[in-house]
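Data block below; observations after.
The values are calculated or read from the model by the stated rules, or taken from the named source; none is laboratory data. A quick note: this is a predicted structure, and the numbers were derived from the prediction, not measured. Every residue, glycine as well, gets a Cβ built from its backbone with ideal geometry; the counts of neighbours run over all protein chains shown.
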Amino acid sequence: MKILLDAMGGDNAPEATIKGAVSAINEVQAEIILIGQEKVIREKVKEIYNKSLEEISPRLSIHNAEETIEMEDIPTQAIKNKKDSSMVVGFNMLKEGKGDVFISAGNSGALLTGATLLVGRIKGIDRPALAGILPAYHGSLVLMDCGANTNCKPLNLLQFAQMSSIYIHNTLGKKNPRIGLLNIGTEETKGNELVRNSYQLLKKYSKELNLNFIGNIEGRDAFLGDVDIVIADGFTGNVFLKSVEGIGKLVKKSLKESLMHSIWSKIGSIPTLPSLKRFSKMVDYKEYGGALFLGVQKPVVKAHGSSDEKLFKFTIKQAEKFVENKAVDHLTEIYESDINKEKMQEIKGFIQDLENK
């Protein structure tokens with residue numbers, strides 16, 4: 001297996017991507033190919049480790065790409081005009097079979113545009129979406145969509161539920177995962193038109209599509225362990241995601257300050273340190289890797305823009321597992337089946353009736 005890593009993408013590149021790859025290489029079986037400006041990468045490796053990348057591991061290598069897509073670049077123009085950028089080169093390598101999964105922490109819009117245009121959607125999927133993994137009580141949950149599609153239709157949310165259910169079953173081993181629709185209340189009459197119509201759609205077709213839809217769920221209840229998948233449009237999902245990350249940072253920072261407040265609080269905290277470390281690990285979003293871009297023909301992973309060594313390491317390990325469990329193959333098989341095509345036509349008719357009411 002070959003993992004393609006955009007070495008120039010992200011706020012802390014290329015140092016964080018290099019450190020992440022080096023840190024992960026002994027914990028994965030795959031080769032890791034760093035894509036970016038070879039001269040810059042080699043100089044940085046020498047500066048950090050005082051040896052070449054090949055001396056660190058024979059499973060680490062570089063594929064040169066002279067351009068970089070910046071965070072402020074317009075996505076479509078960047079993908080079209082920067083042919084020798086680390087991101088476009090990575091997508092082309094993935095499409096040509098020169099790698100098995102592509103990871104980038106770069107410009108989110110460009111990543112999603114490139115994945116859709118260069119790699120291509122799975123037939124039958126209206127819009128690919130980002131599946132982020134978040135901590136939950138005694139486990140984790142999938143947030144889908146966490147930023148790819150700011151404007152959605154009920155069909156999109158239904159497919160988000162279907163894709164994430166297939167993913168979590170095959171990759172994380174959860175059978176019959178529970179799906180909740182993020183809303184401002186649990187009643188089916190709550191929410192805007194998109195959420196209300198999506199509720200009716202999920203309620204009607206969940207059984208036929210093998211979805212375990214448990215109804216609406218409020219943000220405050222999402223992490224209590226009663227749901228495995230939270231469905232939202234990309235705008236709402238991204239706001240929810242960033243809020244959760246912010247709360248996690250607040251809790252860790254406040255807890256640390258409280259424990260360090262005085263000599264007595266420091267002494268008193270000593271017996272609880274193992275428990276505090278476990279808690280800190282649970283609420284640390286870096287432990288959960290990147291967001292998987294479900295719905296495209298090859299595995300693509302969006303790493304956090306501010307990823308550091310630790311987060312890149314976990315994202316690389318996550319990407320290897322994503323490939324090993326053949327999540328894309330399972331999605332393709334289901335969505336391109338004649339049965340699913342017929343069902344989607346029926347669903348579109350039902351949506352039309354809902355919108356006409």
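Could you list all residues from region 212-256 that are assigned to a loop (DSSP other than H, G, I, E, B), within 19 Å of ALA129 (Cβ to Cβ) and in contact with a strand residue (DSSP E or B) (Cβ under 6 Å, 6 or more places away or on another chain)?
So the first thing to find is which residues in region 212-256 are assigned to a loop (DSSP other than H, G, I, E, B), and the list is 218, 222-228, 232-233.
Among the residues that remain, those that are also within 19 Å of ALA129 (Cβ to Cβ) are: 222, 227-228, 232-233.
Scanning region 212-256 gives ALA222, VAL227, ASP228, ALA232.
Report, by residue number, each residue of region 316-357 that is charged (D, E, K, R), in a helix (DSSP H, G or I) and in contact (Cβ under 8 Å) with a residue 12 or more places away in the chain.
As a first pass, look at region 316-357 and keep what is charged (D, E, K, R): 317, 320-321, 324, 326, 329, 333, 336, 338, 341-343, 346, 348, 353, 355, 357.
Cutting the leftovers down to in a helix (DSSP H, G or I) gives us 317, 320-321, 324, 329, 333, 338, 341-343, 346, 348, 353, 355.
Within region 316-357, LYS317, GLU320, LYS321, GLU324, LYS341, LYS343, LYS348, GLU355 meet the criteria.
Limited to region 318-350, what total is found for residues that are more than 28 Å from the chain's Cα centre (by Cα) and under 22 Å from CYS152 (Cβ atoms)? Give the derivation first.
Applying the first criterion (more than 28 Å from the chain's Cα centre (by Cα)) to region 318-350 yields 338-339, 342, 345-346, 349-350.
Now restrict to residues that are under 22 Å from CYS152 (Cβ atoms): 345-346, 349-350.
Number satisfying all stated conditions: 4.
Between ALA110, ALA131, which is in contact (Cβ under 8 Å) with a residue 24 or more places away in the chain and closer than 26 Å to LYS343 by Cβ?
Working: ALA110 fails: closer than 26 Å to LYS343 by Cβ.
Of the residues listed, the single one that is in contact (Cβ under 8 Å) with a residue 24 or more places away in the chain and closer than 26 Å to LYS343 by Cβ is ALA131.
Which of (1) free of Cβ contacts under 8 Å to residues at least 24 places away in the same chain; (2) surrounded by 20 or more Cβ atoms within 10 Å (Cβ to Cβ); (3) among the acidic types (Asp, Glu) is the odd one out, the single condition GLU193 does not satisfy?
If we test GLU193 against (1) free of Cβ contacts under 8 Å to residues at least 24 places away in the same chain; (2) surrounded by 20 or more Cβ atoms within 10 Å (Cβ to Cβ); (3) among the acidic types (Asp, Glu), just (2) comes out false.
Would a scan of region 18-31 turn up a residue that is under 16 Å from LEU112 (Cα atoms) and either touching a residue at least 24 places away in the same chain (Cβ under 8 Å) or in the same structural domain as GLU309 (by TED's automatic domain parsing) (or both)? Break it down into steps so the answer makes sense when it comes.
Step one: list which residues in region 18-31 are under 16 Å from LEU112 (Cα atoms), which gives none.
No, region 18-31 contains no residue that is under 16 Å from LEU112 (Cα atoms) and either touching a residue at least 24 places away in the same chain (Cβ under 8 Å) or in the same structural domain as GLU309 (by TED's automatic domain parsing) (or both).
How do the pairs read when you match residues in region 1-17 that are at positive phi with residues anywhere that are assigned to a loop (DSSP other than H, G, I, E, B) and crowded, with 24+ Cβ neighbours inside 10 Å, using Cβ under 8 Å and keeping only pairs 6 or more apart or on different chains?
Between residues of region 1-17 that are at positive phi and residues that are assigned to a loop (DSSP other than H, G, I, E, B) and crowded, with 24+ Cβ neighbours inside 10 Å, the close pairs are GLY10/ALA105; GLY10/GLY106; GLY10/ALA303; GLY10/SER307.
Among the helices (runs of 4 or more DSSP H) contained in region 78-185, which hold 3 or more residues that are outside the structural domain of LEU201 (by TED's automatic domain parsing)?
Details: elements: 86-95, 108-114, 154-171.
In region 78-185, 86-95, 108-114 are the helices (runs of 4 or more DSSP H) which contain 3 or more residues that are outside the structural domain of LEU201 (by TED's automatic domain parsing).
Mind telling me which of the residues PHE322, PHE293, PHE312 ends up being within 26 Å of ASN26 (Cβ to Cβ) and at pLDDT 90 or above?
Among PHE322, PHE293, PHE312, only PHE312 is within 26 Å of ASN26 (Cβ to Cβ) and at pLDDT 90 or above.
Could you tell me whether LYS249 is free of Cβ contacts under 8 Å to residues at least 60 places away in the same chain, surrounded by fewer than 16 Cβ atoms within 10 Å (Cβ to Cβ), under 22 Å from GLY147 (Cβ atoms) and not aliphatic (A, V, I, L, M)? Step through it out loud before you land on a result.
Values: free of Cβ contacts under 8 Å to residues at least 60 places away in the same chain: yes; surrounded by fewer than 16 Cβ atoms within 10 Å (Cβ to Cβ): yes; under 22 Å from GLY147 (Cβ atoms): yes; not aliphatic (A, V, I, L, M): yes.
The answer is yes for LYS249.
Would you say MET71 is assigned to a helix (DSSP H, G or I), in the same structural domain as SER306 (by TED's automatic domain parsing) and under 22 Å from ASP308 (Cβ atoms)? Give the derivation first.
Values: assigned to a helix (DSSP H, G or I): no; in the same structural domain as SER306 (by TED's automatic domain parsing): yes; under 22 Å from ASP308 (Cβ atoms): yes.
Criteria not met by MET71.
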